[in-house]
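Down below is the structure, laid out as structure tokens.
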Amino acid sequence: MEIEDSLYQYIERLVPIPRSITGNGVRQTLDILSEIVPIVQHEVPSGTEAFDWNIPKEWNVNDAYIITPDGRKIADFHVNPLHLVGYSPPMRQKMSLATLQKHLYSLPQQPSAIPYITSYYEERWGFCLTQQERDHLADGEYEVVIDSNLHDGSMTYGELIVPGETDEEIMFTSYVCHPYMANNELSGPVMNAHIAAYILEQPKRKYTYRFLWLPETVGAILYLSKHLAYLKQKVIAGFVLSCIGDERAFSVVQSRLGNSYADRVVNVVMQFFYSECKFYSFLDRGSDERQFCAPGVDLPFVTLCRSKFGEYPEYHTSLDNLDIISKNGLGQSYDWILRLYRLIENNNKYCVTHFCEPNLGKRGLYDTLSSKGLSAMSRHIRNVLAYCDGNHDVIDISYRVKLSPDKTMQFLEILKQHNLIH
Amino acid sequence: MEIEDSLYQYIERLVPIPRSITGNGVRQTLDILSEIVPIVQHEVPSGTEAFDWNIPKEWNVNDAYIITPDGRKIADFHVNPLHLVGYSPPMRQKMSLATLQKHLYSLPQQPSAIPYITSYYEERWGFCLTQQERDHLADGEYEVVIDSNLHDGSMTYGELIVPGETDEEIMFTSYVCHPYMANNELSGPVMNAHIAAYILEQPKRKYTYRFLWLPETVGAILYLSKHLAYLKQKVIAGFVLSCIGDERAFSVVQSRLGNSYADRVVNVVMQFFYSECKFYSFLDRGSDERQFCAPGVDLPFVTLCRSKFGEYPEYHTSLDNLDIISKNGLGQSYDWILRLYRLIENNNKYCVTHFCEPNLGKRGLYDTLSSKGLSAMSRHIRNVLAYCDGNHDVIDISYRVKLSPDKTMQFLEILKQHNLIH
Amino acid sequence: MEIEDSLYQYIERLVPIPRSITGNGVRQTLDILSEIVPIVQHEVPSGTEAFDWNIPKEWNVNDAYIITPDGRKIADFHVNPLHLVGYSPPMRQKMSLATLQKHLYSLPQQPSAIPYITSYYEERWGFCLTQQERDHLADGEYEVVIDSNLHDGSMTYGELIVPGETDEEIMFTSYVCHPYMANNELSGPVMNAHIAAYILEQPKRKYTYRFLWLPETVGAILYLSKHLAYLKQKVIAGFVLSCIGDERAFSVVQSRLGNSYADRVVNVVMQFFYSECKFYSFLDRGSDERQFCAPGVDLPFVTLCRSKFGEYPEYHTSLDNLDIISKNGLGQSYDWILRLYRLIENNNKYCVTHFCEPNLGKRGLYDTLSSKGLSAMSRHIRNVLAYCDGNHDVIDISYRVKLSPDKTMQFLEILKQHNLIH
């Protein structure tokens, strides 16, 4: 199966599963992703401290809906889990429309969209529905049913560590806590699993790769509270994958200071392959880069998006569905990330084996007949070689010789084969 | 009384007093300013060495004027002290108009202005008058009277040191040696005294503040010759106040290398509050920044002006009078300088008290209901916090989060109150 | 004789001598240049190893031509040595036009030009002729005569070391291996000799000057293989002189990293005197800067050209002849290089002898009568002085005060004479 088909089909399968930052939806999601790579599921008890936070109670929902005065069932959680405000406690109560209205959420500007609303840390119930449906609610008595469960359980997250030749690490993370939505969030965890599968299949790799599927914010904070000292020692670049399934843009949220190794890697790839890329400063952050790049944490992370969260109209509504992602978009994103991976794996510094220019002609790398100009290949070979001084890595050489990292690596490979660099 | 009324009224009172780099005019000026703050007057004997210079003789003028052939008194020092070339030695002599003309100064381009001319270091007499008046001088015998006195006396300067919690110092200087003129110079010494009064009134201050009222050039050189070693150790920022009473511009003359702490402080304040500010390089210097920033001296000074000296048409003429300054302009300048003061006093580096983002919601600093966007305040709080890493001072944070230093300090204050930074 | 006449006449004399990277043409060329300065000729045996290279066999040509079917002699080496492909081995053979064509070179785009072709490292014979001539070759039997000699001899290069007060060195190099052509190459070695003569005539010089006349590429590599360790210690700036006789441009090929001392010197001179100068990055290199700036070698070299090699239409053809160079162009280039020389010799750091501004008035360097502005000279004197802080060299001061290095040096000289700097 083509990779983009696989990406799309997993997203399709995961849409109906109701996820939140805790609960069985996360576990089911990780179970399905485990068909792709062997994800290890970790459980963290409610109440566990994580820096300034505590793991919240576990929340599960059996059913939730509203019965209208004329007996119709609306805002049905089983039709779309977005209908229920996240972390709504259990209740069953009859009330007037006026009372109910205080607990309803809709978007007047997007009348056909169900908004996505959660209330993790304040106990509060509510329903979300389209403005269109809300406008037609008649006066009368409504019955609200929330058959949910908030209890001391645990928060679940997934982890996969793929060892490499060194214990220096590259991290890829995504989040598994948003119900229903396709671009934000399912493109992220599904992409993460497929990238992991690719890297796992490689016969060898230089770096160790750490893949995480975390409930956003509190999951990342919990993970850092357990592993920060180690990660600060080992991680040389990290990537949050978010909203990575549409075709409308390539976007990068830079690290806090904008100058990490992850920024360097992404910058050069964007310059040569995705020159229309939108760069956002850390001021525009919104996903787990908030934690990975927080002061004192300062892991070298950037976030990769197509349309960045908060920047596309369907964001955080029921319109963020399968219609706005595509196989093509997913495939492009997959290629983009593998390009970053290949560069990181090969971003070495090389040194010439001879003082002065070597005799390229006797190695067949140079026109032996001098004439007006050089062939492009001769020129590129010579230029790449000129910056193999032990100080320039592939990224630096790319900028110097104005060739993409991929082309630069090809020429470096030829030079290595001829023992002209080491 | 409003501060701008006080500023204006002191300037009004000081206009008639004939100042020069030495003499009683300086003493009277400092006496009047001492009504505002307790200025200490220092006397330095004529002939005292100061680096490459010597303190000149003291010069005082009882009277000076010219009697025209038809018996009129013109160029009367008591009408306007600008009529007499500074440091003119005493004389009384009759002469033809042709001879007199060699000693007259006027401005053909500004026919209604009396120029300001001095000759400190070469003995030379002369009178300044308007081109209009000069053009109507009839032939005949003129009598020139200069009842001045050049003797071994002393040069006077004023000093006020306001101690703070540390002996690190902020300096404010202005000069008291120009007769009559309002913007250059009276706005400077009067502003200096009012800023001193404000700082003196504060219950406490972090830094020690040193205020100086110096005869320009030789006064500054003398002062540095006495205090250079100490000042180099203690001064972290200094400001020359000059031409600071009009409303036409905000101008900054940068330090010699343009990168001192004073430059940093001024740059950020200008960027956020006075974006039309004109920056002049050290090549455009002209006041005592010439000495404070001289090679080897290199104190971290910038000069603050509204219309910079040399850049406005009334400069160094009788047109630099009360008409070109205003209460409004003086009040704006006062606010400007206090803004710099407040930033310097509070320009600390802060460090988060938690790894990762703290739980702002439980402290009421964050919307607990997640939705499409954040309120501006939540966003600013989070952004300011993100740069409290122990490396960024308030200035750095301002640039990073694109908020004025004042707003940045407000958010830092909130974060301090919640023990989220220290 | 005017310098530009001498430059032009030596080029005229050297045009007919057939040069190649080895052979008697080089020796004759150096003999003639030795009339100007005492060049030492060195001989390096064929086969000598030089880093990745070996010195090729020595190549000399007695005669070479083609006899047409109707008995005419064409492509005669004695008419123009460009007719013979460089390093063609000896042969005498009759052949059809079709066979001959495989060994002919011409330029369809420049039908009146004989191209310049060599084949140093692969044994290959050929003739170069104009496209016009080639188009009129009739069918029939041709006789090809190449009376050349390829034997184990030696490669010749020239060297002149002019000692200075220190053993820190400035290098000037050019190449002697191109037959016939005027701008590339004769302008280079002839200019090099005349610059050497000028420097040799100076009563004293701060630096030691090393002038080289090398066969391009292998000559430079050989020279570096013998002297690299010493040169890396001693050379502070070096200049390749190439294509320096026309009037169409001023061009600079920057060093490999673009930030060597030679770049600094050239940059400031270009900014103030030749602001239309074209700067080429190291990617556009082509002469011996390829070796002098190679990784690991990294001598601080730039290349100076008028129309850069490869950038003008006559390059590497018989059209690069006396018509495209001029006495005027040669004279300008000579002045340009001497400007660089004078700056290097005088590019010191100075320090004021007094704290604060000195009293310039008492030294006649300043208007003693204060008025609205300063004379330009007073302003420049003060500005240059302001950057004599022991950290700025002449180049830095030039940029700071926005004056050419020559003007800056003039003002520094005045300041030195008055003991205001040391």
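Among A:Ser112, C:Ser154, which comes first, second and so on when ranked by fewest other beta-carbon atoms within 10 Å?
A:Ser112, C:Ser154
At A:Gln132, with labels set 7 Å past Cα in the Cβ direction, how many nm apart are the copies from this one, shortest first?
8.0, 8.1
Using the number of other C-beta atoms within 10 angstrom as an exposure proxy, rank B:Trp213, A:Trp125 with the fewest first.
Result, fewest neighbours first: A:Trp125, B:Trp213.
Within region A:153-181, which residues have the backbone N less than 11 Å from the label spot 7 Å out from A:Glu43 along Cα→beta-carbon, could you tell me?
Label zone hits: A:153-156.
Return the average number of partner chain Cβ atoms within 10 angstrom of each residue Cβ along peptide C:379-392.
Taking the mean over all residues of the peptide, I get 3.
What list of ³J(HN,Hα) couplings, whole Hz, do you get for region A:74-81 from phi and the Karplus terms 6.51, -1.76, 1.60, once you set θ to phi - 60° and write x for glycine and proline?
10, 6, 7, 3, 6, 7, 7, x
Hey, fewest Cβ within 10 Å first, where do C:Phe250, B:Phe279 land in order?
Final ranking by Cβ density, sparse to dense: B:Phe279, C:Phe250.
Give the cross-link partners of A:Lys232 among the lysines, using a straight C-alpha distance below 20 Å as the criterion and excluding same-chain residues fewer than 8 apart.
Here the lysines satisfying the reach criterion relative to A:Lys232 are A:Lys206.
Which of B:Asp406, B:Asp135, B:Asp167 moves the most in a Gaussian network model of chain B with Cα springs under 10 Å?
Result: B:Asp135 has the largest fluctuation of those listed.
Provide Rg and Dmax in Å for the protein assembly as shown, with only Cα atoms included in the calculation.
Spelled out, the Cα radius of gyration and Dmax of the protein assembly as shown are 41.1, 118 Å.
At B:Pro38, label 7 Å along Cα→Cβ: distances to the other copies, nm, ascending?
8.3, 8.3
Take the cross-link list C:Lys204/C:Lys327; A:Lys407/B:Lys402; B:Lys204/B:Lys416; A:Lys278/B:Lys278; B:Lys308/B:Lys402; A:Lys308/B:Lys402 and give me the ones stretching past 31 Å between alpha-carbons.
A:Lys407/B:Lys402; A:Lys278/B:Lys278
How about C:Lys349: which aspartates and glutamates have a C-alpha closer than 20 Å to its C-alpha, ignoring those fewer than 8 places off in the same chain?
Hits, sequence-local ones excluded: B:Asp298, C:Glu165, C:Asp167, C:Glu168, C:Glu169, C:Asp263, C:Glu357, C:Asp389, C:Asp393, C:Asp396, C:Asp406, C:Glu413.
Distances from A:Lys226 to the same residue in each other copy, label points 7 Å out along Cα→Cβ, in nm, shortest first?
Reported distances to equivalent positions: 7.0, 7.0 nm.
If you count the DSSP beta bridges with both ends in chain B, what percent of them are antiparallel, to the nearest 5?
Of all bridge pairs located within chain B, approximately 65 percent are antiparallel.
Just how far, in whole angstrom, is region B:238-265 from region C:96-173 if you go by their alpha carbon centroids?
Here the two parts' Cα centres lie 66 Å apart.
If the cut-off is 16 Å between C-alpha atoms, which lysines fall inside it for A:Lys94, apart from same-chain ones fewer than 8 positions away?
A:Lys73, A:Lys102
For a quick size check, give me the Cα extents of region C:349-417 along its three principal axes, largest first, whole Å.
Cα spread of region C:349-417 along its principal axes, largest to smallest: 32, 23, 18 Å.
Tell me the trypsin sites (Lys or Arg not before Pro) within region A:1-102 that lie in a loop according to DSSP and have at most 16 other beta-carbon atoms within 10 Å.
Filter output for region A:1-102: A:Arg72, A:Lys102.
Whose Cβ in chain A comes nearest the axis that rotates A onto C, and by how many Å?
Reported as residue, whole Å: A:Asn259, 12.
Which three numbers, in whole Å and largest first, are the semi-axes of the equivalent ellipsoid of region A:61-151 derived from its Cα gyration tensor as √(5λ)?
Largest first, region A:61-151 gives 19, 16, 12 Å.
Please report how far the C-alpha centroid of region C:1-76 lies from that of region B:188-226, rounded to the nearest whole angstrom.
77 Å
As a test, work out the antiparallel percent of DSSP beta bridges whose residues both lie in region C:223-374, rounded to the nearest 5.
Approximately 30 percent, going by the DSSP bridge assignments.
Per the Cauchy relation, a quarter of the hull surface: what is the mean projected area of the convex hull of the alpha carbons in chain C, in nm²?
23.4 nm²
In region C:104-159, what GluC sites (Glu not before Pro) fall in a loop by DSSP, with at most 15 other Cβ atoms inside 10 Å?
In loop regions of region C:104-159 (DSSP not H, G, I, E or B), the sparsely surrounded GluC sites (Glu not before Pro) are C:Glu122, C:Glu123.
Please identify every one of the GluC sites (Glu not before Pro) in region B:1-57 that sits in a loop by DSSP and has no more than 13 other beta carbons within 10 Å of its own beta carbon.
Here the GluC sites (Glu not before Pro) that fit, given the DSSP loop and packing criteria, are B:Glu2, B:Glu35.
Against the globular-protein guess of 2.2 N^0.38 Å, express the Cα radius of gyration of region C:88-228 as a ratio, rounded to two decimals.
In units of the globular-protein estimate, region C:88-228 measures up at 1.47.
Read-outs: derived from the displayed coordinates by stated rules, not from any lab. Bear in mind that the values here come from a model prediction, so they are computed numbers and not experimental data. Reconstructed Cβ throughout: ideal geometry from the backbone, glycine too, with neighbour counts over all protein chains shown.
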